[in-house]
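Read the structure below first, then the notes.
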Amino acid sequence: MHILLVEDDSVLADGILRIFKGHGMVVDVVKNGNDADALLQRTEISAVVLDIGLPGIDGFEVIRRLRARGSQVPVLLLTARDSVQDRVYGLELGADDYLVKPFATQELVARVRALLRRSAPQPLEMHLGGLSLNTSSRRAKINGKAIELSVREWAVLEYLLQQASRVVSRQQIIDAILPWGAELTLNAVEVYISRIRLKIADAGIEIRTIRGFGYMLEKTEP
């Protein structure tokens, strides 16, 4: 996940940078619209977090030029302007979402992750061991036999499968599976993990607990 952060407030930019890096994102930071426009022409970016009020060309012009080049990279606007007119104008130019300052960092991370999920191509079928998930029909099977999963169990298992053989924290799971504004406690994640473990027991895979870090889905030893 390669994020471009365009923010001229150094203190705010440094804070957002630390938060994003803590969630495993690669981040480039620029502080004016001209540098943002230039970087977007030469670098592949997963998402843009873009302040509107910038030195040089403003955030609106950055979006206008980006979309004029045919780029569909998702853009989240950060703005101190809370008028409906400004928000509508940004969305009509091609922004995908906006967040009014001041904002909660958890909401910023959740919204960026939501944009990344919507923009990322997803395989129709995902497999590990005897587990298969069909992301179109939302059906899960173990060795060809269907298993029942609740909506959140599905979301947790799908994310773990996407991150197979990588360690993910409970907070990363929450940020990945929930739309902004929704709530899920860390303890609830443990409950879902326990339920999923029972349901995939015969799949030749396991969800390992990595103490102090989180969970990892991997194949079991034959």
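Before moving on, here are some points about what is shown:
- Taking segment 119-154 as the range and being among the small types (Gly, Ala, Ser) and modelled with pLDDT under 90 as the test, the residues that pass are Ser119, Ala120, Ser136, Ser137.
- Filter result for Val156 (assigned to a helix (DSSP H, G or I), of a type outside the set (Phe, Trp, Tyr), under 13 Å from the mean Cα position of the chain (by Cα) and under 16 Å from Leu184 (Cα atoms)): no
- Summed over segment 1-29, the residues that are aliphatic (A, V, I, L, M) and either touching a Pro at 6+ places or on another chain (Cβ under 9 Å) or surrounded by fewer than 20 Cβ atoms within 10 Å (Cβ to Cβ) (or both) give a count of 10.
- Exactly one residue out of Arg117, Arg111, Arg87 is in contact with a strand residue (DSSP E or B) (Cβ under 9 Å, 6 or more places away or on another chain), under 17 Å from Ser46 (Cβ atoms), in a helix (DSSP H, G or I) and of a type outside the set (A, V, I, L, M, F, W, C), and it is Arg111.
- Any hit, segment 189-206, residues being among the basic types (Lys, Arg), free of Cβ contacts under 8 Å to residues at least 24 places away in the same chain and touching a strand residue (DSSP E or B) at 6+ places or on another chain (Cβ under 8 Å): yes
- Among (1) touching a strand residue (DSSP E or B) at 6+ places or on another chain (Cβ under 6 Å); (2) in a helix (DSSP H, G or I); (3) open to solvent by less than 20 Å² (accessible area, probe 1.4 Å); (4) not acidic (Asp, Glu) - the single one Leu76 does not satisfy: (2)
- Summed over segment 38-69, the residues that are open to solvent by less than 10 Å² (accessible area, probe 1.4 Å) and without any contact (Cβ under 8 Å) to a residue 40 or more places away in the chain give a count of 3.
- Gln171 under 16 Å from the mean Cα position of the chain (by Cα) and surrounded by fewer than 18 Cβ atoms within 10 Å (Cβ to Cβ): yes
The values are calculated or read from the model by the stated rules, or taken from the named source; none is laboratory data. Since the structure is predicted, the reported quantities are computational estimates derived from the model, not experimental observations. Note that each Cβ is placed from the backbone with ideal geometry, even for glycine, and that neighbours are counted across all protein chains shown. For accessibility, only protein heavy atoms count, side chains too; no ligands or nucleic acids. Shrake-Rupley method; radii C 1.70, N 1.55, O 1.52, S 1.80 Å.
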